[in-house]
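Read the structure below first, then the notes.
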Amino acid sequence: MIPFEYKQAEDEHTAVATVTGNSRAAFLGGGTNLVDHMKLGIAAPELLVDVTRLPLDRIECLPDGGLRVGAAVRNSDLAADSAVRERYPVLTQALLAGASGQLRNLATTGGNLLQRTRCVYFQDTTTPCNKREPGQGCSALEGHTRYHAVLGASKHCVAVHPSDMAVALAALDALVHVQGPDGGRAIPATELHRLPGEHPEWDTVLRHGELITAVELPPLPFATRSRYRKARDRASFAFALVSVAAALDVTDGIVRGARIAFGGLAHKPWRARLAEQALLGRPATDDEFRASAEAELADAQPLPGNEFKLPMARNMLVATLRELSGDDAP
Amino acid sequence: MKSDITLTVDGQRYALTVDNRVTLLDALRDNLGVTSAKKGCDHGQCGSCTVLLNGRRATTCLAFAVAHDEADITTSAGLAQDGDLHPLHRAFIDHDAFQCGYCTPGQICSAVGMLDEARQGWPSAVTAEVTSAPPLDTAEIRERMSGNLCRCGACVNIVAAISEVATGRRLAAFPSAAEPRQERWS
Ligand SMILES: Cc1cc2nc3c(=O)[nH]c(=O)nc-3n(C[C@H](O)[C@H](O)[C@H](O)COP(=O)(O)OP(=O)(O)OC[C@H]3O[C@@H](n4cnc5c(N)ncnc54)[C@H](O)[C@@H]3O)c2cc1C
Ligand code: SF4
Ligand code: FES
Ligand code: FES
């Protein structure tokens, strides 16, 4: 690890200016991803600006029924928040499905959104990887693809985005507030992360120096009926093979509203708009749920080694929607 | 590049100068000689470096010490008071919940933190209804302790030991980890 300078951010403005002014500077949240990457030799910042002591650690109820979550709120506090548990149980479940209790006590909302892929070749600096070093080639394509993408990948990168929280935020139409050198902007959670295309080295649409300040959850009354399901290789403390976040509004047996996103399938949380459209106005039956999953996954291109993700995603979506439409649904 | 920081560890205050690259775990072990927390994976994956950081359980191998200036840390060793073992230490001994013992300090700190989280009504990934505050049954304990991996296969006894503290007579004598130190385990 190269020596680096450490600074506590005094305020948002100075933090942004400091990182903007140095191409080798980075923000530091809980450190549970960045420090790991510094140890592995994937990241080598020469200046860290710690943003965890900025006054961004509050969860505020908004007048319209939504919620504003500061970027420095810890994952454990967000999951345990009573308003989140009541209004957006899918978000609590997604957070609790990620990492471990002692990591969630450190991890922050901003850092969780910007954690990088867990592709094993990306993490192993002895293997070529276009995301680490553009132009090197992608080791996954000829390698072990069990964990890799089936939707939206390119020949340059087939990695998936690892965050569970981000999948729930994509389903909930959350807005990510950022502060940059030229002022602030709000980015829909569904548009924060990129598909790899020709530039897998860019994970998100953020520019260097842009600071995530908050995540805003708009009101969604039927999200009180929402759920996060995650399939993984062991019962707990492992990243998703496939996950699904869903909220469903069923009245008189007919689907009036649906919000669905998948994790583990793509380079970004995958908002399933085709599945949502297929469900609207249709009866809440297993056949319809299955048809909606098929509509979403029709263009999938699995790799040799991860074909299982397609039936897995379909079955998980059907089971989740069935649970949400049942009489005993939460 | 170095920084001057202050850490309170198991009730004792230390002023130290650390290279910015030093993690909290390395600061404890190498700079302060506090070896209760163990280094297993060094990548957040095993839980053996878990301590109570300002009253909450946290791994220390992915935390730079410089970012935790002024922190109050309790290690498993510091949970004992005036020579008396903590109820969880006792339960681990009674249930033979360790073999090599390497993961044990992290397991103990994690269990103390986890019981405190449960007492505050936090749900877990196996809680069916997240608006509820679930009782700590075996499934809940297993899930909440899943950040601590034991390589020796003593896991069944670990759950039994924690379960006894969570549900048995020992619970009454179990104040919050977040309470001031001197009032604990009196
Ligand atoms: C063993 C292990 C298992 C895990 N399992 C899971 C899992 O199953 N599911 C899951 O979702 N996650 C999992 N995680 C990942 C964990 O959730 C992330 O590491 C964590 O959320 C990152 O948050 P942080 O605050 O520690 O970020 P940091 O490591 O501090 O930062 C991550 C990135 O975000 C940037 N950053 C931080 N804050 C801001 C900000 N406010 N604005 C702009 N940039 C910022 C940093 O510069 C860095 O690039 C696991 C991690 C480990 C170590
Ligand atoms: S899938 Fe992406 S991250 Fe993984 S080796 Fe290929 S280019 Fe790198
Ligand atoms: S040494 Fe910290 S989690 Fe393994
Ligand atoms: S007792 Fe040896 S690792 Fe747990």
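Compare A:LEU34, A:LEU151, A:LEU280 by solvent-accessible area with a 1.4 Å probe and give them largest first, with all protein chains kept in place.
A:LEU280, A:LEU34, A:LEU151
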Original post:
From a point 7 Å beyond the Cα of A:LYS7 in the direction of its Cβ, which residues of region A:183-211 have a backbone N at a distance under 18 Å?
Top reply: A:183, A:208-211
Subject >> For residues of B:59-66, the mean tally of beta carbons on other chains within 10 Å >> reply: 6
Subject >> Around B:VAL34: net Lys/Arg minus Asp/Glu count, Cβ-Cβ under 14 Å >> reply: 0
Original post:
Which of the listed residues, A:ALA174, A:GLY184, B:MET114, is farthest toward the dipole's positive end in the protein assembly as shown, when Lys, Arg count +1 and Asp, Glu count -1 at the beta-carbon?
Top reply: B:MET114
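Decide, for region A:6-114, between rounded, prolate and oblate: order the square roots of the alpha carbon gyration tensor eigenvalues as a ≥ b ≥ c, take rounded if a/c falls under 1.5, and otherwise choose prolate if a/b is larger than b/c, else oblate.
Taking the square roots of the gyration eigenvalues as a ≥ b ≥ c, region A:6-114 is oblate.
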Subject >> Cα gyration tensor category, rounded, prolate or oblate, for region A:175-242 with a/c compared to 1.5 >> reply: oblate
Subject >> Mean ellipticity per residue at 222 nm, deg cm²/dmol - from DSSP H runs of n ≥ 4 across the protein assembly as shown, formula -39500 (n - 2.57) >> reply: -7500 deg cm²/dmol
Original post:
Taking amide hydrogens as modeled 1.01 Å from N in the peptide plane, which residues meet the under 5 Å criterion relative to A:LEU28, leaving out close sequence neighbours?
Top reply: A:VAL49, A:ASP50, A:VAL51
Original post:
Spin-label point model (7 Å from Cα, Cβ direction): what's the A:GLU191 to B:ASP30 distance in nm?
Top reply: 4.6
Original post:
What does the accessible area of A:LYS155 come to, in Å² to the nearest 10, when a probe of 1.4 Å is used?
Top reply: 150
**OP:** List every residue whose amide H lies under 5 Å from the amide H of A:SER154, counting only residues 5 or more places away in sequence or on a different chain, with H placed 1.01 Å from N in the peptide plane.
**Re:** A:GLY197
**OP:** Loop only per DSSP, at most 14 neighbouring Cβ atoms within 10 Å: give me the trypsin sites (Lys or Arg not before Pro) in region A:209-252, ordered by residue number.
**Re:** A:ARG234
**OP:** Just reorder A:GLU216, A:GLU133, B:GLU129 by solvent-accessible area, largest first, 1.4 Å probe, all chains present.
**Re:** A:GLU133, B:GLU129, A:GLU216
Subject >> Candidate lysines for bridging to A:LYS39, where Cα separation is under 26 Å - those fewer than 8 sequence places away on the same chain excluded >> reply: A:LYS7, A:LYS131, A:LYS268, B:LYS2, B:LYS38, B:LYS39
Subject >> In order through region A:15-27: 3J(HN,Hα) via Karplus (6.51 cos²θ - 1.76 cosθ + 1.60), integer Hz, x for Gly, Pro >> reply: 4, 5, 4, 5, 6, 4, x, 9, 5, 9, 9, 9, 6
Subject >> Net charge over other residues, Cβ less than 11 angstrom from the Cβ of B:CYS103 (K, R count +1; D, E count -1) >> reply: +2
Subject >> Under Karplus coefficients 6.51, -1.76 and 1.60, residue-wise ³J(HN,Hα) of region B:16-27 in Hz, glycine/proline x >> reply: 9, 10, 10, 4, 4, 7, 6, 7, 4, 4, 5, 4
Original post:
Against the longest alpha carbon principal axis of chain A, how many degrees, from 0 to 90 and to the nearest 10, is the axis of helix A:286-297 turned?
Top reply: 40
Original post:
What is region A:5-48's relative contact order, in percent, from Cα pairs under 8 angstrom and six or more apart in sequence?
Top reply: 48
Subject >> Burial order of peptide ranges A:156-169, B:77-90 (average beta-carbon count within 10 Å, highest first) >> reply: A:156-169, B:77-90
Subject >> Amide H partners (placed H, <5 Å) of A:GLY65, local residues excluded >> reply: none
Original post:
Loop-only check: which GluC sites (Glu not before Pro) in region A:1-93 are DSSP coil with at most 13 other Cβ within 10 angstrom?
Top reply: A:GLU10
Original post:
Rounded to the nearest 10 Å², what accessible area does B:ARG29 show when all protein chains are kept and the probe is 1.4 Å?
Top reply: 70
Original post:
How large is ³J(HN,Hα), in whole Hz, for each residue of region A:300-309 in order, when computed from phi with the Karplus curve 6.51 cos²θ - 1.76 cosθ + 1.60 and θ = phi - 60°, using x for Gly and Pro?
Top reply: 5, 10, x, 9, x, x, 10, 4, 4, 5
Original post:
Taking each residue of B:131-143 in turn, how many C-beta atoms of other protein chains fall within 10 Å of its C-beta, and what is the average?
Top reply: 1
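Of the listed peptides A:90-96, A:183-189, what is their order by residue-averaged count of other C-beta atoms within 10 Å, with the highest listed first?
Output ranking for A:90-96, A:183-189: A:90-96, A:183-189.
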Subject >> For A:LEU175, solvent-accessible area (1.4 Å; no DNA, RNA or ligand), Å² >> reply: 60
**OP:** Compute the FRET efficiency between A:GLU198 and A:GLU307 as 1/(1 + (r/R0)^6), taking r as their Cβ-Cβ distance and R0 = 25 Å, and round to the nearest 0.05.
**Re:** 0.45
**OP:** Work out, step by step, the length gained on full extension between B:ASP82 and B:GLN99: first 0.36 nm times the residue separation, then minus their alpha carbon distance; give nm to one decimal.
**Re:** 3.5 nm
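Quick check: with the 1.4 Å probe, what order do B:ASP4, A:ASP57 take by accessible area, largest first?
B:ASP4, A:ASP57
The values are calculated or read from the model by the stated rules, or taken from the named source; none is laboratory data. Bear in mind the structure is a predicted one, so any value in this text is a computation, not a measurement. Neighbour counts are summed over all protein chains in view; Cβ atoms, including those assigned to glycine, are modelled from backbone coordinates with ideal geometry. The area values use the complete protein model at the heavy-atom level, side chains included, leaving out ligands, DNA and RNA. Shrake-Rupley method; radii C 1.70, N 1.55, O 1.52, S 1.80 Å.
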